[in-house]
1. If we scan region 246-264, do we find a residue that is more than 16 Å from the ligand (Cβ to nearest atom), open to solvent by less than 40 Å² (accessible area, probe 1.4 Å), under 28 Å from residue 322 (Cα atoms) and assigned by TED's automatic domain parsing to the domain that holds residue 350?
2. Kindly check whether there is at least one residue in region 12-31 that is modelled with pLDDT of 90 or more, under 18 Å from residue 338 (Cα atoms), within 16 Å of the ligand (Cβ to nearest atom) and of a type in the set (Val, Ile, Thr).
3. Pairs only if they're at least six apart or on different chains, beta carbon under 6 angstrom, first in region 37-49 and more than 8 Å from the ligand (Cβ to nearest atom), second in a helix (DSSP H, G or I); list them, first residue then second.
4. Within region 25-35, is even one residue open to solvent by 10 Å² or more (accessible area, probe 1.4 Å), more than 19 Å from residue 157 (Cα to Cα) and among the β-branched types (Val, Ile, Thr)?
5. Just need a number here: residues in region 235-245 that are surrounded by 15 or more Cβ atoms within 10 Å (Cβ to Cβ) and hydroxyl-bearing (Ser, Thr, Tyr).
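The values are calculated or read from the model by the stated rules, or taken from the named source; none is laboratory data. Computed from a predicted model, the values in this text were never measured in an experiment. Virtual Cβ from ideal backbone geometry, glycine too; neighbours counted across all protein chains shown. Surface areas here come from the heavy atoms of the whole protein model, side chains and all, with no ligands, DNA or RNA. Shrake-Rupley method; radii C 1.70, N 1.55, O 1.52, S 1.80 Å.
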Amino acid sequence: MSDMMKKKLFSGLDYSGRRIENCGRFEVVLPKVFGFCGGVIHALKLLEETIIANPEKKLFLLGEIIHNTNVNEYFQSNGVNIIPHNAMEKVFSVASADDIIVIPAFGIRADLEARIRNRFKTVIDTTCKDVKRVWEFVREESNKGATILIHGHPYHPEVEATISRASSSSMVVVISNLKEAGLLADFFRGRKSLLEIPKEIHVINGEKFNGDRIAMANQTTMLFNETVDIEAALRKTFEHLGGTFVACQTICKATYNRQTSAIQLLEKEHPDIVFVVGGYGSSNTNNLYFLANKAYPTFYIKDSSSIKEDTLEHYLPSKNTTIFTPLPDIFSSVKKIAILAGASCPVGIVNSLVERLKSI
Ligand code: SF4
C-alpha cells in the first residue's frame with residue numbers, strides 16, 4: 001500500500017480497545033475490534049495498485065468500492081471514474097474496450113459481470129471472498145432446486161449480486177428482519193398466499209416455490225443475533241411441515257467480531273452516549289447503530305465534520321434522513337462516550353473524531 005493511501009485512510013494512532021481518559025471533558029472508550037476488515041483492505045489495495053500500475057489508462061469503478069464517502073472521494077480524486085450503482089449499464093457507453101473496469105468489494109450481478117468480461121480486456125475483481133462464499137452456497141442449493149431464502153436488504157449491491165447467482169428455476173425470497181420472517185412462516189404454513197405477502201418481502205420467481213427444501217443464506221453484514229433468531233424460527237416451522245431446511249451461516253467473521261466487540265464494550269462501560277461513525281449506506285455500520293440504539297442514546301455520524309459549531313448533523317436510518325441537534329442537547333451531562341465504527345470506516349476518521357471531541 002502506498003504511503004499516500006496510508007496517510008489518507010489509515011493515518012494516526014490505532015485506538016482499538018483503548019480508553020482515552022483526557023479527551024477534552026470526556027472519557028472516550030473504543031471496542032477491541034473496529035474499522036477496516038481484511039476484505040475491505042484487500043479491495044482498496046487492489047484498486048490502488050491498479051491506479052499506480054496504469055497511469056495512462058482510464059479506470060471505471062462499478063458502484064462504490066465500499067460504502068464510505070471519504071474513501072470513494074479519495075479514489076475519485078486519484079482519477080477513478082465511479083459509475084453509479086443504479087446506472088451501471090452506462091459503462092458500456094462511456095468506457096472503451098481498453099479501459100480498466102473494477103468490480104467493487106460487494107461484487108456485481110452475474111449477468112452484468114459476464115457481459116463486462118466479454119466486452120472489456122481488463123477487469124479487476126475486488127469482490128470479497130466471504131461474499132463469494134455466499135454465492136457458492138446459493139448456486140449449489142438452487143441447482144438442487146431449493147427455494148432460496150436470503151436474510152438481507154434486497155436492494156443492497158451484495159444482495160442483488162447474490163440473488164443473480166441463483167438459477168432462474170428457483171424461487172428467491174429476501175427478508176430483512178424477524179417480523180418479515182414471521183410473515184414468511186405464514187406462507188410456508190399455507191395461511192397466506194403469495195399474493196398476500198407484503199411488498200417489503202422481496203419475492204422472485206414466486207411460482208417456482210419448492211416446499212420440500214429451503215436453503216437460507218445471509219447478507220454478510222447483517223445483525224448476527226437477528227439472523228440466529230430468524231433461522232431458528234423458520235427452521236422450526238419448515239421442519240414441522242416435513243421439509244428440509246439447510247442454512248449456511250454467511251455473516252462474515254469481520255461483521256461478527258465487530259458486533260461482538262461493540263456489545264462487550266457497551267455492557268462493560270455503560271457510556272452516556274454512543275457515536276457510530278461511517279458511511280450512511282454501509283450495512284454493517286447501520287447494524288452497529290441498531291445494536292447500540294436499543295440501549296443507549298446513539299448518534300450516527302459521517303465523520304468529525306458532522307460536529308458543527310453549534311449542532312450535530314446525524315443520520316436516522318429508520319427515516320433515511322439526517323437531522324441537526326443542538327450540541328448542548330447532546331453533550332450537556334455527558335461524561336463517557338463510546339465510539340463504534342464498521343468494517344468500511346478508515347481508522348483516520350475515528351482519529352479525527354477523537355481529536356474533534358477534545359476541542360468541545
Ligand atoms: S465486511 Fe465481511 S464480507 Fe464485507 S468486505 Fe469485510 S470481510 Fe468481506
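1. No, every residue in region 246-264 fails to be more than 16 Å from the ligand (Cβ to nearest atom), open to solvent by less than 40 Å² (accessible area, probe 1.4 Å), under 28 Å from residue 322 (Cα atoms) and assigned by TED's automatic domain parsing to the domain that holds residue 350.
2. Here is the first cut: in region 12-31, the ones modelled with pLDDT of 90 or more are 25-31.
Add one more test, that the residue is under 18 Å from residue 338 (Cα atoms), and what stays is 25-31.
Within this subset, residues satisfying the condition of being within 16 Å of the ligand (Cβ to nearest atom) are 31.
Still in the list and also of a type in the set (Val, Ile, Thr): none.
Checking region 12-31: not a single residue is modelled with pLDDT of 90 or more, under 18 Å from residue 338 (Cα atoms), within 16 Å of the ligand (Cβ to nearest atom) and of a type in the set (Val, Ile, Thr).
3. If the second residue must be in a helix (DSSP H, G or I), the pairs left are 48/5.
4. Of all residues in region 25-35, those open to solvent by 10 Å² or more (accessible area, probe 1.4 Å) come to 25, 27, 32-34.
Filter once more, keeping what is more than 19 Å from residue 157 (Cα to Cα): 25, 27, 32-34.
Those left that are additionally among the β-branched types (Val, Ile, Thr): 33.
Scanning region 25-35 turns up at least one residue that is open to solvent by 10 Å² or more (accessible area, probe 1.4 Å), more than 19 Å from residue 157 (Cα to Cα) and among the β-branched types (Val, Ile, Thr).
5. 1
The rows are residues; the columns are (1) within 14 Å of the ligand (Cβ to nearest atom); (2) open to solvent by less than 40 Å² (accessible area, probe 1.4 Å).
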{"site": "109", "(1), (2)": "no, no"}
{"site": "114", "(1), (2)": "no, no"}
{"site": "121", "(1), (2)": "no, no"}
{"site": "141", "(1), (2)": "no, yes"}
{"site": "144", "(1), (2)": "no, no"}
{"site": "159", "(1), (2)": "yes, yes"}
{"site": "176", "(1), (2)": "no, yes"}
{"site": "179", "(1), (2)": "no, no"}
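Per-residue answers, yes or no, for (1) hydroxyl-bearing (Ser, Thr, Tyr); (2) farther than 17 Å from residue 31 by Cβ:
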| site | (1), (2) |
| --- | --- |
| 214 | no, yes |
| 225 | no, no |
| 240 | no, yes |
| 243 | no, yes |
| 248 | no, yes |
| 272 | no, no |
| 276 | no, no |
| 285 | yes, no |
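The rows are residues; the columns are (1) over 25 Å from the mean Cα position of the chain (by Cα); (2) assigned by TED's automatic domain parsing to the domain that holds residue 230; (3) modelled with pLDDT of 95 or more; (4) under 16 Å from residue 205 (Cα atoms).
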residue: 140; (1), (2), (3), (4): no, yes, yes, no
residue: 146; (1), (2), (3), (4): yes, yes, yes, yes
residue: 150; (1), (2), (3), (4): no, yes, yes, yes
residue: 162; (1), (2), (3), (4): no, yes, yes, yes
residue: 179; (1), (2), (3), (4): no, yes, no, no
residue: 182; (1), (2), (3), (4): no, yes, no, no
